[in-house]
Every structure is written in C-alpha cells, then in structure tokens.
1. Scattering from the C-alpha atoms of region 253-355 alone, worked out with Debye: what is log10 I(q)/I(0) at q = 0.10 1/Å?
2. Before anything else, pin down the relative contact order of the chain: Cα pairs under 8 Å, at least 6 apart, normalised by residue count, whole percent.
3. Nearest 5 is fine: what % of DSSP beta bridges in the chain come out antiparallel, could you say?
4. Per residue, how large is the accessible surface of region 16-67? Use a 1.4 angstrom probe and give square angstrom.
5. How many angstrom separate the Cα center of region 282-299 from the Cα center of region 70-102?
6. Which value, in debye to the nearest 20, gives the size of the charge dipole of region 253-355 about its Cα centre, when Lys and Arg are +1 and Asp and Glu are -1 at the Cβ?
7. Each residue of region 314-323 in turn: what ³J(HN,Hα) in whole Hz from Karplus with 6.51, -1.76, 1.60 and θ = phi - 60°, glycine and Pro shown as x?
8. Would you work out the charge dipole size for the chain about its Cα centre, treating the Cβ of every Lys and Arg as +1 and the Cβ of every Asp and Glu as -1, and quote it to the nearest 20 debye?
Amino acid sequence: MKKHNFSAGPSILASEVIENTAKAVMDLNGIGLSVMEISHRGKDFQAVMDETVALFKELLNIPDGYHVLFLGGGASMQFCMVPYNLLNKKAAYLETGVWAKKAAKEGRFFGDVEIVASSADENFNYIPKDYTIPSDADYFHITTNNTIYGTEIKEDINSPVPLIADMSSDIFSRPVDVSKYGIIYGGAQKNLGPAGATFIIIREDILGKVDRAIPSMLSYQTHIDNGSMFNTPPCLPIYTIMETLRWLKKLGGVKKMQELNEAKARILYDEIDRNEMFAGTAEKESRSLMNICFVMNEKYKELEQEFLSFASSLGMVGLKGHRSVGGFRASTYNALPLESVKALVDAMQEFEKKFKK
Ligand SMILES: *Cc1c(COP(=O)(O)O)cnc(C)c1O
C-alpha cells in the first residue's frame, strides 16, 4: 500500500510523475534507449532540457532577461555561488533559520555580511518584519520557506538591491513575481523531483559586477553561456522535474496549486488549533503552507512517541519533527494529496478520543 508521505525532503512526488519517469528509465519516448544512457548533448535529451526550461518560464511567468539553469551541488552550493558571483563589499541577509545562517556563513568568505534581522531569539518561529534593507548592499538574501521551523514569507518583498531567494521548499507552491528577484534558487528534492538537481532562475544583468576572478564551474555566466551544458547536468532528475511540471500544468498551474495548498494547510492548522492535545510551534502570521510544525501540548508531552507510532501504524511516514524543534512536522508539498492530510487529521482526532484526560 502506498504510504502517506509527509517527508521534508527528499519528499513525495506525484505517482504519475514516478510512473512516467520509470517508463523513461526503461525507454525514452520509444527510442530504444534509457534517458540515463543517452548523451546530454544529443537531440533527445536537449528536448527534455528545452521543455523543462520552457515549462519553468511559462508556469512562473518568468520575464525576459532571466535564465533558468539546472546544476548539481544542491541549494548548499548556491550558498557560496551567490556571494562568489555577486558580493563585492557587503551583502544583507535575513536570518530566519539554519539554512539562512548557512547561506550567510558562506557570504562571509567573500565580504561583509549584515544580518538585517533575525528570529533566533524565538528559535526561528516567526518571520521578522521591521527591518531596513541597506541600499549599499550588493544584494539581500532571504529564505522564503524555512523547512525546519515551518515559517514562510508568502509575499514578494520589495528590495532596493537585488533580491536573492532560497526557495528550495516552496518553489511552485504559489505564484511569484519573478521580476522582483535577482536570483531564485533551490534544490529540486522538496517540490520538484529527486535529489541531484538545483534550479537557478537568474537575471543576467546582475552579473559581471564583482572584481574577483571566478572559477568556471562556479560562475553563473559559464552556465548561462552553455545552457546548463558546460558539464554533464543531472539528466535523470531534470527529466523528473519536467514530468512534475507537466503534471502541475495539467492540474491548472501555480495559482491552482496555491489554492490546493491553502486548503490542505487550513484543515491541518485548524485541527492543531482545535485539538487541545496539540499545539503549533510557528507564530500564526508566519505559518508555512509547506511544512506544518506542531508538538504535543505540555500536559501530553509523554505521548509524543505514542502518536508517532499510532500515525505510523496508519501508514503515515516522515512526521517526526526536526531535532531542533522536536514534535512533529507534516510536509504538505504540492504532490501530497488532500486525502493524506485528512488521514492525519482523523488520526489526531482518534488519538484525542483515546488519550484526552
Ligand atoms: C533542504 C534545504 C536546503 C538544502 O538543500 P541541499 O540541496 O541539500 O543543499 C537549503 N535551503 C532550504 C530552505 C532547504 O529546505
């Protein structure tokens, strides 16, 4: 039986996407070869790359002047590529969690890093609001969805300097005004495909402004000039991303996805707020639509493991919270069906009937 997969990443993919990828692994479009055993420079794979880029541009309404790249190295590689390519003197970062801190840490190898605001004082359970983005910074870096803490920046910020966003865990979950960003990047393994590919949406005119020389592989310009084919790209993950975007388009695009995600999040947050055995950990205004974090209420703390086992007996996996938050985390990415969220809510209600004092 297929499990209810709440894993934070790598995470659930639509079953149709997995089936179509499996077919292409056996035989890509009837050419008698696997997508894994053909040249990335041949016409069959080039068609995959072209369609994936075209779907990115279409579904996110990406304006002219931007490029879409697929590289290796994960989102973590972008933590250093961003400052390598863009940081001359100073960069600004919003510190909303561990991933944001890791990004800022790499920035310090290349120049000054100004943390404009941080929610570390409350274990990153909210998104800071009152801060000023310094207009002399080379860029402003944000993490739109904080996968570990379940907080999310759900609007596109206005920034006086190029806005750089790690959207690893909420890309394609809502419409984005790409024109407000210099770079949007992320690992594919949360909302798009298997681990191994990193997407980068980049406005070309922000490049070429740093004084240092940049090694070829770490230079965005190299990858733009070579259409992500400077070296061998992660071909199979890119194929799966294409299938995910075909699926998403068929479903109605990102606006529709946002509606579905809001509906899923609403019923789970409603239950967390109603059921006195549980409590949400993120401040309400900052709650994420993608990672829903909650704990057992103080009075029921000792039942935490019991609830995990109960959920697991009902076919739910990946619900254990990150060790820095504890409790539970239900990742409700695009591919997670509403039925899985309903099953979790039912489990919480059943648990309440059994154990409420
Ligand atoms: C998972 C995650 C990362 C790390 O991605 P890798 O591809 O493993 O490097 C970075 N940022 C965010 C927001 C994440 O959720």
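The values are calculated or read from the model by the stated rules, or taken from the named source; none is laboratory data. Quick caveat: nothing in here was measured; it's all calculated off a predicted structure. Every residue, glycine among them, receives a Cβ derived from its backbone with ideal geometry; neighbour counts consider all protein chains shown. Side chains are part of the model used for accessible areas, which takes the heavy atoms of the whole protein and leaves out ligands, DNA and RNA. Shrake-Rupley method; radii C 1.70, N 1.55, O 1.52, S 1.80 Å.
1. Scattering profile of region 253-355, log10 relative to I(0): -0.25.
2. Relative contact order for the chain comes out at 23 percent.
3. 55 percent
4. 56 Å²
5. With region 282-299 and region 70-102 each reduced to a Cα centre, they are spaced 26 Å.
6. Roughly 300 debye for region 253-355.
7. Each residue's phi maps through the Karplus curve to give 9, x, 9, 10, x, 8, 5, x, 4, 4 Hz.
8. Rounded to the nearest 20 debye, it is 560 debye.
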